[in-house]
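Worksheet: the structure to be examined is printed underneath.
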Amino acid sequence: MNEPSPQQDRAPEAQAMKWLSLEQDRAPAGHWDELRGEVAPSAASQQAAITAKTTPSISGPWQSFIEPLASEPPGQRSDLNTRMANLQRQVRDNGITYNVYASADQPQRPWSLDLFPLMLGHSDWQQIEAGMMQRMQLLERIMADAYGPQQLVLRGQLPPALVQGHPAYLPAMHGVTPVGGRYLSLAAFDLARGPDGCWWLLSQRTQAPSGMGYLIENRQIVSRLFPKAFEAFPVQRLAHTYRTLIDGIKARSPAGASAHIALLTPGPYNETYFEHAYLARYLGLSLVQGNDLTVRDQKLYLKTLQGLQPVHGLLKRVDDDWIDPLELRADSTLGVPGLLQAVRSGNVLVANTPGSGFLESNALLGFMPGLARELLGQELQLPAIPSWWCGEAAALQDVLPRIAHCVIKPTYPYHTDRQSFEPVLGHRLSRQEQNEWAQRILRDPDAHTLQSWLPLSHQPTWQTGAGGVSSIQSRPVVLRVFAVVDAQGGWQVLPGGLARLGTREGIASMQRGGSSADVWVQSPTTAPPPHAQTAHTRQVPTPSPWQAPSLLAAKPTTPPCAASSIPAASEAIAQRQRLVTSRAAENLFWMGRYTERTENTLRLVRLSLEILGSGNQNLPCLLNFITRMAMRHGLVRAGVPAAGQAHRVFERSLIAGLWDQELATSVGFNLRSVRLAAASVRERLSPEHWRLLEQAESRFFQPAKAQALPQPTSEALPESVVVQGLLADTSQMLAALTGAQTDRMSRDDGWRLLSMGRHIERLEFLSHALSEAVQLGLIEEQAGFDTVLDLFDSTISFHAQYQQSRTPQALVDLLVTDPDNPRSLGWVAHTLRSRLKRMGHLAEGATLPLAERLPALIELRPEALWPLNASTNNATTATNQPLPLQATLGQCQSAAREVSDQLCSLFFTHSGEARYSVGA
C-alpha cells in the first residue's frame with residue numbers, strides 16, 4: 001500500500017500559503033472571514049499566530065476553488081490580472097450595464113463584477129434553502145390573512161400600522177382571491193453571515209425583486225474564467241429554477257400552459273433595464289412597457305401590429321404604486337389603466353399580486369418568530385436580525401437607550417407620503433447626533449425601526465490599488481437569494497444568488513459604486529475532500545424534501561409537471577410567430593430611419609468638406625449645391641453665409657454642426673437617436689449589435705468630450721483633415737451596423753418596418769438630392785457628375801458598367817431605373833413596394849393600396865425620363881418643358897412622405913374605441 005509522501009501531505013498547505021501571500025488585508029477583527037472560514041481574530045492574536053508560526057487555514061469551499069488552479073499556475077498576479085481583464089472585457093462586450101441616475105453625462109455604467117465567487121458549501125446552503133422555503137410559506141400566509149380575514153390584526157399579533165396603515169397596502173385588493181391560488185410567485189431575501197458563522201436575514205423584497213438577470217451573467221462570465229474549479233467544486237446549475245418560475249406562472253394563469261406571459265418594465269431609463277431586456281430574451285417573454293398594454297372588457301391586451309393580443313400573465317418589474325394610474329398614482333405613466341380590475345376579475349396573473357409591498361417593511365421582521373409559531377406551528381429555521389418597531393411603546397423604551405449599537409431604518413421605505421430616509425449606523429453618530437435621532441424617533445415613532453448592527457462577513461476580492469499593484473482585499477458581502485413558486489404551488493430556491501460587495505467600511509448600493517460577485521453553491525452529490533474539513537463545521541437543520549437537479553447532467557432534469565405543461569404541437573407552431581408591439585414597431589421604424597438619415601447626412605458632410613478642400617472649391621454650381629443641401633438637412637445653422645460667399649466660415653459651421661446638440665438634424669443628434677430608439681428594443685438586438693451602436697456614438701462624440709463642451713467653439717474645433725478621418729471611421733461603423741440590421745435580425749414584421757424606415761428615408765433624400773443636382777446643372781460638369789455618383793455611393797458601379805460614358809441617360813439608368821443597384825431609386829421603391837405587400841396580412845390589407853402609390857421606376861426607360869435631345873444646361877426638353885425626370889423625382893418624395901404618414905397612422909397607435917375600457 002502506497003503511503004502519501006510528506007510533500008503530498010503539505011501540498012494543500014503550500015497552495016494556501018501561496019494564495020494568502022497575495023492578500024493585502026484580511027477581514028477586520030470580529031467579522032467572519034469567508035476565505036478562512038472563521039471569525040477574524042484581533043490584531044494581537046494575529047501577531048501571536050505569526051510569532052508561533054501557526055499554519056494559516058483556508059475554508060473547505062475555498063480550498064476546493066484553489067486546488068484546480070495548481071497547474072494554471074495559482075497565486076500569480078499576472079494570471080489573475082489577465083482573468084480580471086478578460087472579465088471586464090466580457091462585461092463590456094455583453095453590454096451589461098447598471099444605470100446611474102445621478103450621472104447626467106454617462107447615464108449607463110458597466111456592471112461591476114468581481115473576479116472571485118462567493119463559495120457556499122452544501123451545509124451552508126441547506127440552512128439557507130430550508131430557511132427561505134419556510135419564510136416563503138410564512139409570507140404567503142401573512143399576505144393571505146392581510147387581504148382576507150385579517151385575524152392577525154384582530155388578535156393583536158400584527159399592528160394595524162404595519163398592515164392597513166402601510167402605504168404599500170392596497171385596500172382595493174382586499175377580498176380578492178389570487179389568480180392561481182398564490183399571492184407570491186417569487187421573492188428575494190438579503191442575507192448576511194454574522195461572526196458566529198450563521199446566516200441572518202436582513203430584509204426581504206416582494207414587489208419587484210431585482211438581480212435574477214444579473215446573476216446569470218455573473219455565472220456565465222466567472223465560470224468561464226475558472227472552468228476547472230467550477231467543475232471540481234462542483235457548482236449547482238441555475239437554469240432549472242428559471243424554467244420552474246415560468247412554468248409555474250403559466251400553470252396558474254387563466255390560459256394554462258399556452259398562456260402569453262409578458263415582462264412589464266419601466267423602460268430604458270430604469271437602473272436595471274439591461275436585466276429586464278436580458279430576462280425577457282432568456283425566458284422567452286414579451287418585454288412591454290405600460291403604454292404597450294390596454295385593458296378591454298376587464299382583460300389585459302398587448303397592442304401589436306397584429307392587433308390586440310391577450311396577455312394572461314405579467315411578471316412585473318414596476319412597483320405597485322405605479323401599475324394602475326386609474327386606481328393608484330394618477331401621475332404614473334408606467335402602468336396600465338384598469339389593470340387592478342383585470343386582476344380582480346381573475347383574467348390576468350400578476351407576479352407578484354399587487355399589494356405585497358407591506359411585506360418589505362423592516363419592522364415586520366421583529367414579529368416573524370411569533371407569526372411562524374402561530375401560522376406554521378414552527379420555529380424559524382433561519383433567524384432574522386433583531387428588529388424593534390418603535391411604534392410599540394415597550395419596544396421603543398427597550399431599544400432607544402441602545403441606539404448606538406443599532407441601525408436606524410425607515411419603517412416605510414421608498415414611500416414619499418411617509419417619512420423615509422437612508423439607513424443610519426448608530427455607532428458612527430456622535431453623542432449629540434444620537435440624541436437628535438432619539439428626539440426625531442420620539443416625534444414619529446411609527447416611521448422608525450431599529451435593528452441590531454451585524455458585523456458583515458468579508459469576501460476576498462481582486463483589487464488594483466492606486467499604484468497599479470493588484471492584491472486580494474476583503475470586502476463586506478450581502479447575499480441575495482431568490483425563491484420561486486412551481487406549477488404545483490410549491491416553492492423552490494434558486495441554488496445560487498447575487499452577492500453584493502461594499503467598501504471596507506460597509507455595504508454600498510450599486511448606485512453608489514457597489515460591486516457584485518457570482519455565488520457558487522456546492523452540489524449535494526459531492527463531499528468535500530478530507531483536508532477541507534475544518535473545526536468550524538456546524539450542525540444544520542435537516543434539508544428540505546426538494547432536491548436540486550444534478551448539475552452533472554448536460555441539461556436539467558424535466559420536472560414531473562413538464563409533460564402536462566408542454567403545449568400541443570399545433571399550439572407550439574402557432575406560437576412561433578413573434579409578436580411585435582406597437583411601441584417596438586415604432587422604435588424599429590425610427591431606428592431604421594435614423595440609421596439611414598445618419599448615413600446620408602454623414603456622407604453629405606464628407607462630400608462637402610472634400611469639395612471645400614479641393615480644386616473644385618470655386619465651382620459655383622457645386623458650392624450652391626452643398627449650400628442648399630446643408631441648409632435643407634439642417635447641417636448648418638440659419639444665417640450662416642453660403643459656401644460661395646465665405647468658404648472658411650461655412651466649413652467651420654459645418655464641422656461645428658456635427659456635434660451640435662440643439663440641431664435636431666445634426667449628424668450627432670441622428671446618431672444618438674439611433675441608440676435611443678435601439679435601447680427601447682434592446683431585447684431584439686444581439687450584444688454585438690448593441691456594442692456597435694455604443695462604440696459608434698462614443699467614438700463620434702469623443703472630440704466634443706475632449707473639449708468638455710456641448711458644442712466646440714470655433715477656436716477649439718479640430719482640423720478638417722481630422723474630422724474627415726473621424727467621419728470615415730464612423731462611416732465604416734455605420735456600414736457594419738447596416739450589416740447587423742440586414743443579416744443579424746429575424747425578418748418578422750418588426751424588421752420589415754425597420755427596413756421600410758430606411759428605404760423611406762433613402763428614397764426621399766436621394767430623390768431630392770438628384771432633383772437639386774439636375775436643377776443646378778451639376779450633370780453638365782464632370783466634377784458635378786462625380787459628386788452625384790459619390791452622394792449615391794455608386795461611383796464604382798458606374799465606372800464598371802459605363803466606364804467613361806458620362807451621359808445623363810447613363811446616370812439615370814444607374815441611379816433611377818436600375819433594379820440591381822441598392823442605391824438606385826428604382827431598387828429602393830421596388831423593395832419598399834415588396835415590403836408593403838408582404839405586410840398585407842395586417843391592418844385589413846391597408847398596406848396593399850399604399851404600395852401602389854410608389855412609382856414603378858424599374859419599368860421606365862432612361863430616355864423616357866431624360867430624352868436624348870434634352871439640354872443638360874438648363875434641364876429642359878427640346879420644347880423647353882421641364883424634364884420628365886423632375887416630375888418623377890417629385891413623385892418619389894411625396895410618395896415617401898405619404899407612406900411614412902400612413903404607416904404611423906396604421907401601426908403605431910390603436911385608436912379604435914372599445915365598448916368598455918375597464919369593467920365597472
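The values are calculated or read from the model by the stated rules, or taken from the named source; none is laboratory data. Predicted model only: the values in this text are computed from it and were never measured. Using ideal geometry, Cβ is built from the backbone for each residue, glycine included, and neighbour counts are taken over all protein chains shown. Just the protein is used for accessible areas: all its heavy atoms, side chains included, with ligands, DNA and RNA removed. Shrake-Rupley method; radii C 1.70, N 1.55, O 1.52, S 1.80 Å.
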(request) Write out, first by first residue and then by second, each pair whose Cβ atoms fall under 9 Å of each other, whose residues are 6+ apart or on separate chains, and whose first residue, in the stretch 432-457, is of a type in the set (Asp, Glu) while the second is assigned to a helix (DSSP H, G or I). (result) 446/161; 446/162; 446/363
(request) Go through (1) at pLDDT below 95; (2) in a strand (DSSP E or B) one by one and return the number of the condition residue 190 breaks. (result) (1)
(message) For the stretch 193-217, give me the residue count where each residue is open to solvent by less than 10 Å² (accessible area, probe 1.4 Å), within 30 Å of residue 29 (Cβ to Cβ) and not in a strand (DSSP E or B).
(response) 2
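Yes/no matrix, rows are residues, columns are (1) within 30 Å of residue 685 (Cβ to Cβ); (2) modelled with pLDDT under 80; (3) buried (at least 18 other Cβ atoms within 10 Å of the Cβ):
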position: 3; (1), (2), (3): no, yes, no
position: 12; (1), (2), (3): no, yes, yes
position: 15; (1), (2), (3): no, yes, yes
position: 24; (1), (2), (3): no, yes, no
position: 35; (1), (2), (3): no, no, yes
position: 48; (1), (2), (3): no, yes, no
position: 63; (1), (2), (3): no, no, yes
position: 107; (1), (2), (3): yes, yes, no
(message) Let me spell it out: the conditions are (1) in a loop (DSSP other than H, G, I, E, B); (2) without any contact (Cβ under 8 Å) to a residue 40 or more places away in the chain, and residue 855 meets all of them except one. Which number is the exception?
(response) (2)
(message) Quick check on the stretch 743-760. Is at least one of its residues of a type in the set (Asp, Glu) and at pLDDT 95 or above?
(response) no
(message) With the requirement that a residue be among the hydrophobic types (A, V, I, L, M, F, W, C) and under 17 Å from residue 342 (Cα atoms), what does the stretch 242-282 give you?
(response) 249, 255, 259, 261, 262, 263, 264
(request) Can you work out which of the residues in the stretch 407-416 that are modelled with pLDDT of 90 or more and within 21 Å of residue 163 (Cα to Cα) is most open to solvent (accessible area, probe 1.4 Å)? (result) 409
(request) Looking for whichever is exposed (fewer than 12 other Cβ atoms within 10 Å of the Cβ) and modelled with pLDDT of 85 or more here; the options are 849, 884. Which one fits? (result) 849
(request) Quick one: residue 261 ticks every box in (1) in contact with an Asp or Glu (Cβ under 8 Å, 6 or more places away or on another chain); (2) within 29 Å of residue 675 (Cβ to Cβ) except a single one, so which number is it? (result) (1)
(message) When you check residue 382 against the structure, is it in contact (Cβ under 8 Å) with a residue 12 or more places away in the chain, open to solvent by less than 10 Å² (accessible area, probe 1.4 Å) and not in a helix (DSSP H, G or I), yes or no?
(response) yes
(message) Residue under question is residue 500, and the condition is that it be open to solvent by 10 Å² or more (accessible area, probe 1.4 Å) and touching a Ser or Thr at 6+ places or on another chain (Cβ under 8 Å); does it hold?
(response) yes
(request) Scan the stretch 142-166 residue by residue and report those that are of a type outside the set (A, V, I, L, M, F, W, C), within 19 Å of residue 206 (Cα to Cα) and buried (at least 18 other Cβ atoms within 10 Å of the Cβ). (result) 145, 147, 166
(message) Could you list, ordered by first residue, the pairs with Cβ atoms under 7 Å in which the first is in the stretch 738-759 and hydrophobic (A, V, I, L, M, F, W, C) and the second is open to solvent by less than 10 Å² (accessible area, probe 1.4 Å) and not in a helix (DSSP H, G or I), at least 6 apart or interchain?
(response) none
(request) Looking only at the stretch 658-705, count how many residues are closer than 26 Å to residue 629 by Cβ, surrounded by fewer than 18 Cβ atoms within 10 Å (Cβ to Cβ) and of a type in the set (Gly, Ala, Ser). (result) 1
(request) Please tell me if residue 459 is open to solvent by less than 30 Å² (accessible area, probe 1.4 Å) and within 30 Å of residue 353 (Cα to Cα). (result) no
(message) Whether any residue in the stretch 343-362 is touching a strand residue (DSSP E or B) at 6+ places or on another chain (Cβ under 8 Å), free of Cβ contacts under 8 Å to residues at least 60 places away in the same chain and either open to solvent by less than 10 Å² (accessible area, probe 1.4 Å) or not in a helix (DSSP H, G or I) (or both) is what I want to check.
(response) no
(request) Considering each residue of the stretch 770-789, count those that are among the small types (Gly, Ala, Ser) and crowded, with 23+ Cβ neighbours inside 10 Å, and give that number. (result) 1
(request) Look through 731, 714 and report the one residue that is open to solvent by 10 Å² or more (accessible area, probe 1.4 Å) and at pLDDT 90 or above. (result) 731
(request) Could you grab me the full set of residues in the stretch 417-452 that are buried (at least 16 other Cβ atoms within 10 Å of the Cβ), assigned to a loop (DSSP other than H, G, I, E, B) and of a type outside the set (Lys, Arg)? (result) 429
(request) Just one of (1) open to solvent by less than 30 Å² (accessible area, probe 1.4 Å); (2) over 36 Å from the mean Cα position of the chain (by Cα) trips up residue 377, so point out which. (result) (1)
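Could you say whether any residue in the stretch 627-647 is free of Cβ contacts under 8 Å to residues at least 12 places away in the same chain, surrounded by fewer than 22 Cβ atoms within 10 Å (Cβ to Cβ) and within 23 Å of the chain's Cα centre (by Cα)?
Within the stretch 627-647, not a single residue is free of Cβ contacts under 8 Å to residues at least 12 places away in the same chain, surrounded by fewer than 22 Cβ atoms within 10 Å (Cβ to Cβ) and within 23 Å of the chain's Cα centre (by Cα).
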(message) So in the stretch 303-322, with the set limited to residues that are of a type in the set (A, V, I, L, M) and more than 20 Å from the chain's Cα centre (by Cα), which one is farthest from residue 413 (Cα to Cα)?
(response) 305
(request) State yes or no: is residue 480 out of contact with any strand residue (DSSP E or B) (no Cβ under 8 Å at 6 or more places or on another chain) and among the basic types (Lys, Arg)? (result) no
